[in-house]
Each structure stands twice: as structure tokens, then as C-alpha cells.
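Quick notes on the structure that follows.
The values are calculated or read from the model by the stated rules, or taken from the named source; none is laboratory data. This structure is a prediction, so every number in the text was calculated from the model and none was measured. Don't worry about glycine lacking a Cβ; one is built from the backbone with ideal geometry, like all the others, and counts go over all protein chains shown. The area values use the complete protein model at the heavy-atom level, side chains included, leaving out ligands, DNA and RNA. Shrake-Rupley method; radii C 1.70, N 1.55, O 1.52, S 1.80 Å.
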Amino acid sequence: MGICFYEKEKVFQIDTKNTSYVIALIDKEGFVGHAYYGKRLYEADVAYLTRMQEGCRTPETNERDRLSFYDCFPMEYPTHGIGDFRESALRVEDANGHWANKLTYKGHEIFAGKKKLAGLPATWCEKEEDAQTLELTLEDKEAGLEVVLSYSVFADVDAVVRSARIVNVSETTVYLTKAMSASFDMDNRDYDKILLYGSWARERHIDRTPVNYGIQMARSNRGEGGHQEHAFTALLEKNADQNHGEVYGMDLIYSGNFRTLMEKNQFDNIRTMTGINPEDFRWELVPGAQFQTPEAVLVYSEEGLGGMSRCFHDLYRNHLIRGYYRDKKRPILINNWEATYFNFSTEKLLSIARDASALGIEMLVMDDGWFGNRYDDNRALGDWEVNEEKLQGGLGYLVDEVNKLGMKFGIWFEPEMISPESELYKEHPDWAIQVPGRVPGLARNQMVLDISREEVADYIFEKMAKVLHSANIEYVKWDMNRPLSDIASAALPKERQGEIFHRYVLGVYRMQERLLTEFPNLLLENCSGGGARFDAGMLYYSPQIWTSDDTDAIERLEIQEGTALIYPLSAMGAHVSDCPNHTVGRTTPFATRGVVALAGTFGYELDVTKISENDRNQIPEQCRTYHKYNDLVRTGDYYRMASYRETHTHDAYMVVAKDKTEALVTYVMVKRRANSRSRNIKLLGLDPDKTYRIEGQERTYLGSTLMNAGILAEDTWGDNQAWLYHIVEA
Ligand code: DGJ
């Protein structure tokens with residue numbers, strides 16, 4: 001790892017162990033260009049890659065064609081309105097309503113460590129020597145604007161994290177209408193792109209298509225990331241697969257509206273960009289004020305998608321996730337949502353807890369329905385008082401009884417919401433986001449609280465804190481079940497209504513930070529109608545996130561594959577639920593449901609008092625299996641050998657310990673073929689020279705044998721069967 005400025009070549013070289021990122025200063029005007037990102041370079045002088053000796057040349061040598069220069073130069077942070085007609089990263093309206101900006105080099109600073117981003121989640125390092133940062137200041141003298149581009153690298157992972165800070169150094173107020181986090185230009189090498197798309201209960205499915213001419217993008221304007229699209233993109237060589245080929249990945253540490261795009265232009269260059277969605281964004285910058293963008297993460301790997309995923313996993317596990325549970329095994333939980341929905345009482349919950357604790361389950365989570373007159377999903381959001389008609393004896397009694405069984409207790413909140421039928425709405429109708437004079441659109445019969453307002457956020461926080469202080473509650477599931485619409489805030493003047501979406505996200509972050517400060521040992525699990533808020537921003541606050549409301553083991557294969565493309569298995573909320581599955585109606589073996597849920601945080605979502613004896617009897621063994629393998633699954637390196645999405649028959653992945661002394665292989669045979677034989681699977685990531693044994697078998701194998709010749713995976717009767725193979729050093 002290292003960041004250097006080469007004075008003579010006027011080049012910044014940002015190195016991780018295996019990658020380099022090079023920025024070049026061009027011309028006496030000091031244009032800041034992106035020269036290179038990819039495999040590690042050992043000489044810095046690659047400014048020629050900006051091609052300024054060809055065609056359009058620079059203004060210094062060809063003033064008459066300045067616009068041609070602007071429209072082909074790989075600007076490190078492209079601005080709007082001066083002749084670069086590709087997508088811009090920055091758009092600022094000045095006091096006269098004009099929006100042309102030109103940025104050139106002003107200065108830089110290179111230092112050890114990494115600064116915090118005000119109010120935003122971001123990567124961090126424990127010790128200063130673990131990271132290095134370049135702050136590159138660009139200026140537009142005419143406009144009185146400065147942009148500080150920040151780049152950090154870490155000693156232990158091949159990732160570059162970037163953000164931008166826009167400073168108004170003029171004497172008039174300006175309006176930011178676009179401020180992206182990162183942009184970089186590169187030659188097209190016939191790349192494919194990967195975007196993640198989906199829907200409720202079908203989140204983060206992988207979509208791989210060629211990069212076409214023009215702009216292709218993923219975005220959200222829902223106020224959260226959403227189920228449908230994701231702020232992640234990868235560019236990969238045509239022949240790149242799980243284990244080979246060049247891949248560039250880009251993710252955004254943010255939980256609100258985003259825009260992630262790539263644009264292939266007339267010269268076959270690709271500009272890739274990510275940041276806050278500029279649609280409906282307008283931010284007032286008074287003289288002296290600054291705007292900090294969220295942080296973007298760039299990863300380059302020549303070991304295919306698997307190599308990229310392992311970098312993201314390490315970065316997020318080591319430098320994003322925080323808190324008490326970061327490196328700890330999480331308690332096996334049982335959640336009563338699919339067991340009872342709204343129909344529960346103290347006695348019902350205790351009956352579940354009694355059976356669950358006897359079977360090895362460690363925490364009871366009480367989901368939606370414990371407060372106000374919440375007998376269904378039509379009312380009471382915002383009324384965070386315990387419903388003692390349902391919870392007879394009160395919350396304290398319930399929690400004590402659960403604790404007496406040796407179990408922890410967790411609770412559900414949906415802090416950002418308000419039901420029109422609630423005490424809170426009667427008192428504060430103006431706290432709900434709605435456009436005055438227009439009937440607001442409801443979703444699940446609820447509205448969104450204006451969390452951008454501190455007094456609203458503080459009120460809700462204090463209500464939550466009171467409940468959490470009232471009993472020994474060790475886990476919170478923070479849910480959010482509708483997107484934002486009918487945008488208006490009673491607290492902002494008309495020219496600042498475009499700040500609401502981002503201020504809302506900042507409000508959520510502030511609340512979650514307060515929660516973790518007041519309850520430092522709390523295990524927080526974010527959730528949004530399933531997995532609509534599975535994003536890197538949320539990971540900064542909660543070490544685990546609910547992946548999807550679809551708990552069907554087979555559906556989960558694709559959802560978990562897409563999620564694990566970026567996010568570590570330690571973060572994926574995964575539960576065993578009852579069958580027929582409540583989302584798709586499929587019946588799968590209980591054992592298969594257990595094996596698939598082991599790839600995540602592991603828990604149950606069923607009425608353990610009602611399931612068949614055969615299923616119930618498998619729970620103790622499943623819990624033992626979780627304890628046996630979770631350290632490995634949480635901390636190891638993830639490799640994928642086969643994807644059900646592609647094979648349409650089976651799925652296979654494995655987790656290898658960092659020291660390569662053991663590995664856990666998961667094989668799921670979804671569809672059995674007639675007259676078929678065992679399947680040969682080549683393992684990955686082992687030490688070729690170590691000798692291994694497959695637990696339960698006598699003979700030993702060299703790692704190279706397991707990786708080159710492979711294993712023969714079982715083939716038994718019936719669909720939807722799953723196996724685990726524990727590979728241990730002999
Ligand atoms: C959506 C979540 O994803 C579910 O797990 C459950 O908590 C419901 N909301 C409760 O309303």
C-alpha cells in the first residue's frame with residue numbers, strides 16, 4: 001500500500017498490494033485526468049494513456065479545439081456545462097442561475113490514516129498505519145468553488161475508497177444539483193457489465209449483459225436503495241467468470257437514492273460513475289458551506305468475480321462493520337413473524353421460547369404487533385407503547401421469563417413510519433411526509449415520518465430508548481416497509497425541498513448512531529420489507545441485514561448468490577422457515593433449509609410448537625452444525641463452483657479458512673436428472689500442497705487433487721437435496 005506524487009511526471013500513484021490507480025495532471029492549466037486503474041504498476045509514468053498527444057490534444061497546443069479536448073479527456077471529476085458532453089459528476093447553479101464549471105488542480109495532501117466523513121457511514125481504520133489517504137483539491141476560480149477528492153487505500157485489501165467534498169468559497173449562495181461520489185474513465189475492452197435487479201422477495205439477482213453505447217444505469221428514487229435495483233456495478237472481460245479474468249467492481253456506501261451508471265462513448269471509452277441520484281436533489285451551499293458525498297468503493301481483481309467478492313468481503317468485514325458483534329458469532333434466533341404474524345400473546349411467545357430453548361435456539365425475537373393497537377398492519381405505527389392486552393404481565397415479565405430459559409430477547413421496530421390511524425398522527429399530522437393540499441399515497445396503509453427533522457427523529461428515538469431501557473433487550477430489528485413518496489418537508493423553505501431525500505438518510509444514520517452509542521452491546525439487524533436496505537451504508541450500523549422476506553431455500557440460492565457477490569456471509573440474515581413456504585408455496589426438506597441458512601447468520605422463522613416432530617428433531621443437530629462452522633463461514637474466503645442460476649440443476653460454493661486449514665463445501669442439488677451419476681466438483685482456494693481429509697472419510701487428498709480432480713458429490717433420490725462437506729487438514 002502506498003500513495004505517491006511524482007513531481008517530475010506530475011502523476012499520483014495510489015497502490016494497494018496488487019492494484020494501482022493513477023491520476024495525471026495535464027497541461028499548464030492543471031487538468032486532472034484519470035490515467036489508469038488495474039493490476040499493480042511498478043513505474044508511475046503512464047500519463048500517455050490520457051492520449052493528449054493525439055487528435056484533439058490539449059488546449060495548450062490546440063486552443064481552437066478546446067471543446068474537443070473536454071469531450072474526450074478522461075476527467076477525474078467531470079464537470080457540467082463547458083463542453084464535456086458525457087455524463088458529469090458535478091453540477092452547480094450559481095447566484096445568476098448559470099451552471100458551467102471547470103475544475104483544475106489546486107493542491108494536495110497525502111497522509112497516514114483516514115478521516116471520518118461527517119454524518120455519513122464510511123470505511124475506517126483502527127491504526128493510522130493501516131491506511132493512507134490522498135486529498136486532491138480542485139478549484140474553479142471563476143465560480144469560487146473547491147472540490148476535495150479523497151482517496152484511501154488499506155494495507156490488507158485491494159480496494160480504493162473515494163469521495164468528494166464540495167466547498168463554496170465564493171461570497172454568494174449556490175445550489176448543488178449533482179455531486180457524485182466517484183467517476184472514472186477507461187478504454188472499453190469489450191466488457192460485460194453486471195447489475196443487480198429484483199423485486200420484493202426476489203432481491204439482488206445477477207444480470208450480466210454487454211456494455212452498449214450510450215448510458216446504462218441502475219438507480220433508486222425511492223428514498224432507500226430498494227428491492228429493484230442496487231448501487232453496485234461490475235465491468236468484466238467477456239471471458240471472465242467466477243475464478244478468472246479482469247473484473248472492476250464499484251459499490252456505494254449509502255442507503256438512499258443512488259445513481260450508478262456507465263456510458264460508452266464515441267471513442268469506445270467507458271465512463272463509470274456512482275453517487276447520490278441527482279434526480280430530485282438540490283442542495284443549498286451558503287458561502288463557506290461544504291457538502292460531503294457518500295463514499296464509493298472500487299475493487300479491481302484479475303481473479304474473476306470471486307476475487308472481486310473476496311475483496312469486498314474483507315473490506316467490509318475489516319473496515320466498515322463495527323461494534324460489539326463485528327467479530328462474534330451471533331445468537332441463533334427464532335423470530336415469531338411467520339409463526340404468528342400479528343396473532344400472539346405472552347403465553348404464545350413463551351410457548352415458542354420454551355420449545356426453542358430446549359432445542360438449542362438462543363434468542364427469541366418478537367416481531368411486528370407488540371405495540372399500540374397493532375392487531376394488523378393497518379394501524380398504530382408511531383405508538384411505541386407496549387400493548388398489555390397482548391403482552392399480559394408487560395414486556396419486563398416476558399423478557400425475564402425468556403431470559404430465565406437461558407435465551408436472549410430481541411424486538412422489532414419500524415421507527416421511520418406513521419399510520420394515519422395512530423395516536424401520533426392525531427398529535428402530529430405534519431410530521432408525516434406529504435405535499436400540502438394533495439392526498440398522499442399510502443403503502444401498507446402507512447406514511448413516512450419526516451426523519452430529516454431532528455425533533456421528529458429525536459421524539460421517536462426517545463420512545464424507542466424508553467422501551468429498550470425497560471427490559472433486558474439485546475437485539476433490535478429495524479424495519480422499513482414502504483418507500484418515500486409525496487415529498488415535502490414542513491421544516492424546509494421552498495428552495496431547499498430538494499434536500500429532503502438526503503437529509504432523511506442522514507436522519508436515519510444519526511438515529512442509528514445514537515442507538516449504538518446508548519446501547520453499545522445491542523445487536524442491530526436492519527431490514528426493509530425484506531432486503532430493500534441491504535446496502536453498505538447500513539452495514540456500518542448493523543453487522544447483519546435481513547436479506548429477503550423470501551425464506552424458501554431454493555429461491556434463496558439466487559438471492560444469496562447475488563448478495564454475496566458484494567457482501568460478506570457474516571452479514572446475510574438467513575432463517576429456516578416452515579413449509580409450504582409462505583412466499584412461494586414450495587416444500588423443501590428441512591435439512592436443505594438448514595444447509596442454505598448456514599450461509600448466513602442462521603435462525604428460525606416458524607412456530608416450533610407446531611412443526612412436525614421429524615422437522616423439530618433436526619433442530620438440535622442444525623444448531624450444533626451452526627456452532628461448529630460459523631467461525632469459518634463468518635471469517636473465511638468465499639468461493640463459488642457452480643450457480644443454480646446458470647446450471648438450472650445445482651449450486652455449489654465453499655468457504656475456506658484464511659489459513660487454509662479447513663473449508664466447508666455446500667452442494668445443493670435442486671433438480672435430479674433420471675439415471676444420473678454423482679457430480680464431479682472441483683474445489684477452490686485450498687492450499688495445493690496441504691494434505692486434507694473429507695470429514696467422515698478415511699483417505700486423504702492433496703489440496704491440488706481436490707482442486708484439479710475434484711470430489712464426487714452425492715446423488716440421491718429426490719429434488720432439493722443439500723450436502724455439506726467439511727474439508728480438514730489431515
Ligand atoms: C417486513 C419484514 O421483512 C418481515 O420480516 C416482518 O418483520 C414484517 N415486515 C413485519 O411487518
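Evaluate the charge dipole of the range 60-151 about its Cα centre and quote only its size in Debye, nearest 20, assuming +1 on the Cβ of each Lys and Arg and -1 on the Cβ of each Asp and Glu.
On the way: 11 positive and 19 negative charges, 30 e Å.
Computed charge dipole of the range 60-151: roughly 140 debye.
What's the FRET efficiency of Arg189 with Ala465 using the Cβ-Cβ distance as r and R₀ = 51 Å, to the nearest 0.05? If you can, show how the numbers build up before the last one.
Details: r = 53 Å, r/R0 = 1.05.
Between Arg189 and Ala465 the formula returns 0.45.
Let me check against my output: what whole-number percent is the relative contact order of the range 355-417, with C-alpha pairs under 8 Å and at least 6 apart? Present the calculation step by step, with values, prior to reporting the outcome.
Numbers: 67 pairs, mean separation 27.0, N = 63.
Relative contact order, the range 355-417: 43 percent.
Return the distance in nm (one decimal) between the two label points of a simple spin-label model at Glu54 and Glu93, each offset 7 Å from Cα along Cα→Cβ.
Between Glu54 and Glu93, the simple spin-label model gives 3.9 nm.
Around Asp715, under 14 Å between beta carbons, what's the net of Lys plus Arg minus Asp minus Glu among the other residues? Show your work: numbers first, answer last.
Working: positive: Lys671, Arg672, Arg673, Arg677, Arg679; negative: Glu714, Asp719.
Value of the local net charge: +3.
Can you give the net charge of the other residues whose Cβ lies under 10 Å from the Cβ of Tyr191, counting K and R as +1 and D and E as -1? Intermediate values should be presented prior to the final figure.
On the way: positive: Arg189, Lys193, Lys238, Lys264; negative: Asp187, Asp190, Asp192, Glu237, Glu246.
Net charge in that neighbourhood comes out at -1.
Would you mind getting me the FRET efficiency between Tyr6 and Ala118? Use the beta-carbon distance for r and R0 = 45 Å, nearest 0.05. Write down the numbers at each step before the final one.
Details: r = 31 Å, r/R0 = 0.70.
That gives a FRET efficiency of 0.90.
Going through the range 217-267, which trypsin sites (Lys or Arg not before Pro) have at most 15 other Cβ atoms within 10 Å and a DSSP loop state? Before the final figure, lay out each step's value.
Numbers: sites: Arg219, Arg222, Lys238, Arg259, Lys264; in loops: Arg222, Lys238.
Sparse-neighbourhood loop trypsin sites (Lys or Arg not before Pro): Lys238.
Count neighbours as other Cβ atoms within 10 Å of each site's Cβ, and list the chymotrypsin sites (Phe, Trp or Tyr not before Pro) in the range 232-277 that are DSSP loop with at most 10 such neighbours.
Working: sites: Phe232, Tyr248, Tyr254, Phe258, Phe267; in loops: Tyr254, Phe267.
Taking the range 232-277 and a limit of 10 other Cβ atoms within 10 Å, no loop chymotrypsin sites (Phe, Trp or Tyr not before Pro) are found.
Taking N as the number of residues in the chain, what is its alpha-carbon radius of gyration divided by 2.2 N^0.38 Å? It would help to have the intermediate numbers written out before the result.
Working: Rg = 26.5 Å, N = 730, 2.2 N^0.38 = 26.9 Å.
With N residues counted in the chain, Rg over 2.2 N^0.38 Å equals 0.98.
Which whole-angstrom value gives the distance between the alpha carbon centres of the range 521-546 and the range 49-96?
A separation of 40 Å, based on Cα centres.
What nm value, rounded to one decimal, do you get for the distance between Lys17 and Thr661 when each label is placed 7 Å out toward the C-beta?
Computed distance between label sites Lys17 and Thr661 equals 1.9 nm.
So between Glu695 and Lys404, what do we pick up on full extension, going 0.36 nm a residue minus the alpha carbon distance?
Working: separation 291, 0.36 × 291 = 104.76 nm, distance 3.70 nm.
Contour length minus the Cα-Cα distance gives 101.1 nm.
Which value, in debye to the nearest 20, describes the size of the charge dipole of the chain about its Cα centre when Lys and Arg Cβ atoms bear +1, Asp and Glu Cβ atoms bear -1, and nothing else is charged?
Working: 83 positive and 112 negative charges, 212 e Å.
Using only the charged Cβ atoms, the result is roughly 1020 debye.
Report the Cα centroid-to-centroid distance between the range 465-485 and the range 444-458 in angstrom, as an integer.
14
How far apart, in nm, are the 7 Å Cα→Cβ label points at Asp45 and Thr517?
A separation of 5.2 nm, rounded to one decimal place.
With +1 assigned to the C-beta of every Lys and Arg and -1 to the C-beta of every Asp and Glu, and no other charges, what is the dipole magnitude of the range 383-508 about the Cα centre in debye, to the nearest 20? Intermediate values should be presented prior to the final figure.
Details: 14 positive and 22 negative charges, 76 e Å.
So the dipole magnitude of the range 383-508 works out to roughly 360 debye.
Checking a compactness column here: for the range 106-186, what do you get for Rg(Cα) / (2.2 N^0.38 Å), N being the number of residues?
Numbers: Rg = 14.3 Å, N = 81, 2.2 N^0.38 = 11.7 Å.
Output field value: 1.22.
Find how much the distance from Lys671 to Asp156 grows on full extension, using 0.36 nm per residue of separation minus their present alpha carbon separation; answer in nm with one decimal.
On the way: separation 515, 0.36 × 515 = 185.40 nm, distance 4.05 nm.
Gain on stretching Lys671 to Asp156: 181.3 nm.
Read phi for every residue in the range 239-245 and hand back ³J(HN,Hα) as whole Hz from Karplus 6.51 cos²θ - 1.76 cosθ + 1.60, θ = phi - 60°, with x for Gly and Pro.
With coefficients 6.51, -1.76 and 1.60, one gets 8, 6, 9, 4, 10, 9, x Hz.
Per q in 0.10, 0.11 1/Å, what log10 I(q)/I(0) does a Debye calculation on the alpha-carbon atoms of the range 615-718 return?
-0.32, -0.39
Provide the gained length on full extension for the span Glu423 to Glu126, in nm with one decimal, where the gain is 0.36 nm per separating residue minus the Cα-Cα distance.
Going from the current span to full extension adds 102.4 nm.
Calculate one ³J(HN,Hα) per residue across the range 503-508 by plugging θ = phi - 60° into the Karplus curve 6.51 cos²θ - 1.76 cosθ + 1.60, and present them in order as whole Hz with x for glycine and proline.
Rounded to whole hertz, the list is 4, 4, 5, 4, x, 5.
Give the cross-link partners of Lys28 among the aspartates and glutamates, using a straight C-alpha distance below 16 Å as the criterion and excluding same-chain residues fewer than 8 apart.
List returned: Glu7, Glu9, Glu60, Glu63, Glu139, Asp140.
Can you tell me what percent of all Cα-Cα pairs in the range 682-730 are more than 15 Å apart?
Values: 529 of 1176 pairs.
Of all Cα-Cα pairs in the range 682-730, 45 percent lie more than 15 Å apart.
Give me the percent of accessible area attributable to carbon and sulfur for the chain, probe 1.4 angstrom.
On the way: 12740 of 26850 Å².
It is 47 percent, rounded to a whole number.
Taking the Cα atoms of the range 197-287, what is the range of coordinates along each of the three principal axes, in descending order and whole Å?
Here the Cα extents, ordered largest to smallest, are 48, 39, 20 Å.
Report the net charge of residues surrounding Tyr6, where surrounding means a beta-carbon distance below 13 angstrom and charges are Lys +1, Arg +1, Asp -1, Glu -1. Could the numbers behind the result be given before it?
Numbers: positive: Lys8, Lys10; negative: Glu7, Glu9, Asp15, Glu43, Asp45.
Taking every Cβ under 13 Å from that of Tyr6, the sum is -3.
Pop out the Kirkwood hydrodynamic radius of the range 228-366 from its pairwise C-alpha distances, inverse of mean 1/r, in Å to one decimal. Write out the running numbers ahead of the final one.
Working: mean 1/r = 0.0510 Å⁻¹.
One decimal place: 19.6 Å for the Kirkwood radius.
Helix-derived [θ] at 222 nm for the chain: sum -39500 (n - 2.57) over DSSP H runs of at least 4, divide by residue count, nearest 500? The partial results should precede the final answer.
Details: 15 runs with 147 residues, N = 730.
Theoretical 222 nm ellipticity from helices: -6000 deg cm²/dmol.
Over 20 Å between C-alpha atoms is what I'm after, so list which of Lys178/Lys494; Lys17/Lys658; Lys10/Lys115; Lys39/Lys238 land there.
Values: Lys178/Lys494 18 Å; Lys17/Lys658 17 Å; Lys10/Lys115 25 Å; Lys39/Lys238 18 Å.
Over 20 Å Cα-Cα: Lys10/Lys115.
Quick check for you: with a 1.4 Å probe and neighbouring chains kept, what is the accessible area per residue of the chain, in Å²?
Working: 26850 Å² over 730 residues.
Heavy-atom SASA per residue in the chain reads 37 Å².
Give the residue from His230, Ala179, Pro78 lying farthest towards the positive end of the charge dipole for the chain; charges sit on Cβ (+1 for Lys and Arg, -1 for Asp and Glu) and the dipole is referred to the Cα centre.
Positive-end residue among those listed: His230.
What lysines does Lys408 reach when the alpha-carbon gap must be under 16 Å and sequence neighbours fewer than 8 apart in one chain are set aside?
Here the lysines satisfying the reach criterion relative to Lys408 are Lys328, Lys329, Lys477.
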